[in-house]
Amino acid sequence: MAPEDKIFLRDFFRALEDRPLDPDDPAYVGLYDDRDLQLEDPVELLARSIEWAPTNTSAQLLSGFRGAGKSTELRRLHRQLTDAGYLVLLVDIFDYLSPSSPVDVTDFVMVLAGALSDALDKEKVFAKSTTHESYWLRLKSFLQSEVELKDVSAKLVVLDIKAGLHTDPTFRKRLQKGVEGHFAELVRDMQAYVRETITAIPADRLGSGLVLIMDSLERIGGTITNAQDVQESLERLFTVHAESLQLPQAHVVYTVPPWLKIRAPSVSTQFSGGLQMLHPLSVRRQEDAEPDHASLHAMCRIVSKRGDWERLLGKHEVLDRLALESGGHVRDLLRLLSEIVRRADGLPVSERAVERAITQVQSEMLPIALDDARWLQRIAVSHDASLLEISKLPRLVTFLDSHLVLCYRENGREWYDVHPLIRDEVAKLAATSGTVEVPAAEPSET
């Protein structure tokens with residue numbers, strides 16, 4: 001292979017890195033600006049709910065399946081609201097809570113105000129103030145005056161509540177027990193702190209208002225042994241305690257897992273901006289499984305921003321095939337292309353290199369247990385989640401997280417399908433166990 005070809009492949013491989021993109025990144029493609037796709041823009045809907053809110057307080061939810069571009073779209077939301085004059089703060093919940101433990105509302109209320117306080121400090125909003133107080137100091141005073149914390153290290157409570165909440169499950173449980181019976185007072189004190197803090201923000205920094213984005217909540221899923229408990233805790237948090245998640249004089253956006261609306265179908269009604277979802281592109285139409293040419297064109301635009309795919313693949317038919325094999329999932333398309341680049345034996349690459357790359361990505365989704373294959377085949381036939389009982393939800397979440405199942409939105413309605421890379425294997429396995437019963441599908445939530 002010529003040296004210049006090796007350099008081309010190296011640079012293309014690096015450009016295929018799956019990473020969040022800012023709107024001004026050369027690799028960014030504004031899919032929601034493409035009228036041929038007829039997509040509802042979740043960022044525009046979130047922004048309008050904030051900018052058009054009758055008061056300076058709102059709360060709303062954003063969800064999306066792994067690899068659907070949530071981090072990129074949050075950056076676009078950040079840019080759009082900043083341009084509209086808002087002070088926008090982006091917080092990663094994993095800086096405060098464990099991704100593998102149930103979420104207690106007491107912990108979350110503390111973290112909510114503490115994260116706001118930390119984000120304001122990071123932005124140096126109160127750099128010139130000598131009177132602004134960190135919420136963690138405020139919380140220390142509240143705990144010392146209102147709560148009797150037996151068996152909790154006084155040193156830890158006073159010096160490092162934040163670290164204890166994040167890394168010490170024993171401390172969290174003892175703190176939760178100590179605050180038990182004082183939750184209403186805790187919420188009132190937290191909201192008072194938020195109100196006082198936002199009122200004190202200089203007018204030239206506050207602008208049109210304050211927006212707090214609480215990111216990564218959708219990635220809290222627990223472990224094999226406690227997934228059910230974690231899911232139940234998030235359901236309680238966003239249903240029973242929805243009112244406590246409102247912040248006075250602030251707009252809050254929470255990223256939540258897609259399965260939340262399965263466990264709690266009415267959760268969107270408890271938040272002023274509702275729940276917006278991100279989906280992969282439906283590269284095949286639901287009604288006849290024929291390729292959707294607008295989606296294929298969009299996938300081509302995405303790849304074109306990464307490198308000269310014609311030099312790599314030669315024919316447009318090869319790129320279309322890869323887009324169809326990806327199921328419209330951008331992360332999977334980039335993965336397929338990365339494997340092809342690594343196996344390149346010339347330019348354009350041979351059919352053998354393409355086949356081996358597809359086989360490699362496919363093998364990472366296999367093997368599939370027979371019981372799972374039966375369920376997956378029901379999904380493939382019905383285009384419904386086919387969740388027969390709520391206790392099986394953690395397994396469905398695994399299907400979605402690992403891309404074995406993809407969820408699309410077409411003409412305002414959601415539908416499910418098995419990933420194209422494993423569809424034939426699923427059908428073959430399911431056939432070995434006899435007829436697949438397909439439950440009557442209920443209308444999907446719009």
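Here I262 fulfils each of the conditions (1) farther than 27 Å from D83 by Cβ; (2) open to solvent by less than 10 Å² (accessible area, probe 1.4 Å) apart from (2). Scanning the range 50-63 for any residue that is part of a helix (DSSP H, G or I), of a type outside the set (D, E, K, R) and surrounded by fewer than 21 Cβ atoms within 10 Å (Cβ to Cβ) turns up nothing.
M190 - would you say it is in a helix (DSSP H, G or I) and closer than 25 Å to L61 by Cβ? In short, yes. Against the criterion of being crowded, with 17+ Cβ neighbours inside 10 Å, at pLDDT below 95 and of a type in the set (D, E, K, R), R409 qualifies.
Applying the condition of being out of contact with any Lys or Arg (no Cβ under 9 Å at 6 or more places or on another chain) and not aliphatic (A, V, I, L, M) to the range 108-123 and asking which residue is surrounded by the fewest Cβ atoms within 10 Å (Cβ to Cβ) yields K122.
Restricting to the range 64-88, what's the tally of residues that are surrounded by 16 or more Cβ atoms within 10 Å (Cβ to Cβ), touching a strand residue (DSSP E or B) at 6+ places or on another chain (Cβ under 6 Å) and more than 23 Å from L260 (Cβ to Cβ)? Total meeting the criteria: 4.
Restricted to the range 371-398, and to residues there that are charged (D, E, K, R) and not in a helix (DSSP H, G or I), the residue that is modelled with the highest pLDDT is D384. Evaluated against (1) in contact with a helix residue (DSSP H, G or I) (Cβ under 6 Å, 6 or more places away or on another chain); (2) open to solvent by less than 10 Å² (accessible area, probe 1.4 Å); (3) under 30 Å from L396 (Cβ atoms); (4) not charged (D, E, K, R), S244 falls short on exactly one condition, (2).
The single residue among L313, L319 that is touching a residue at least 40 places away in the same chain (Cβ under 8 Å), aliphatic (A, V, I, L, M) and open to solvent by less than 30 Å² (accessible area, probe 1.4 Å) turns out to be L313. All conditions but one from (1) part of a helix (DSSP H, G or I); (2) surrounded by 21 or more Cβ atoms within 10 Å (Cβ to Cβ) apply to F94; the one that does not is (2). Residue check: is S71 outside any loop (DSSP other than H, G, I, E, B) and either over 23 Å from M214 (Cβ atoms) or in contact (Cβ under 8 Å) with a residue 24 or more places away in the chain (or both)? Spelling it out, S71 is indeed outside any loop (DSSP other than H, G, I, E, B) and either over 23 Å from M214 (Cβ atoms) or in contact (Cβ under 8 Å) with a residue 24 or more places away in the chain (or both). Among the residues of the range 345-370, those that are within 23 Å of G67 (Cβ to Cβ), of a type in the set (A, V, I, L, M) and assigned to a helix (DSSP H, G or I) comprise V354, A357, I358, V361.
Which of the residues belonging to the range 328-344 are assigned to a loop (DSSP other than H, G, I, E, B) and either surrounded by 22 or more Cβ atoms within 10 Å (Cβ to Cβ) or touching a residue at least 40 places away in the same chain (Cβ under 8 Å) (or both)? Before the answer, list the steps.
Initial filter on the range 328-344 (assigned to a loop (DSSP other than H, G, I, E, B)): 328-329, 343-344.
Listed by number, the residues that qualify are G328, H329, A344.
Taken together, the residues in the range 197-238 that are small (G, A, S), modelled with pLDDT under 95 and in a loop (DSSP other than H, G, I, E, B) amount to 3. Remark: pairs (first residue in the range 378-390, on the phi > 0 side of the Ramachandran plot; second residue among the aliphatic types (A, V, I, L, M) and buried (at least 17 other Cβ atoms within 10 Å of the Cβ); Cβ separation under 8 Å; 6+ apart in sequence or on different chains) = S386/I379.
The values are calculated or read from the model by the stated rules, or taken from the named source; none is laboratory data. Computed from a predicted model, the values in this text were never measured in an experiment. So basically every Cβ, Gly included, is an ideal-geometry build from the backbone, and we count neighbours across all protein chains shown. Surface accessibility is based on the protein's heavy atoms, side chains included, excluding ligands, DNA and RNA. Shrake-Rupley method; radii C 1.70, N 1.55, O 1.52, S 1.80 Å.
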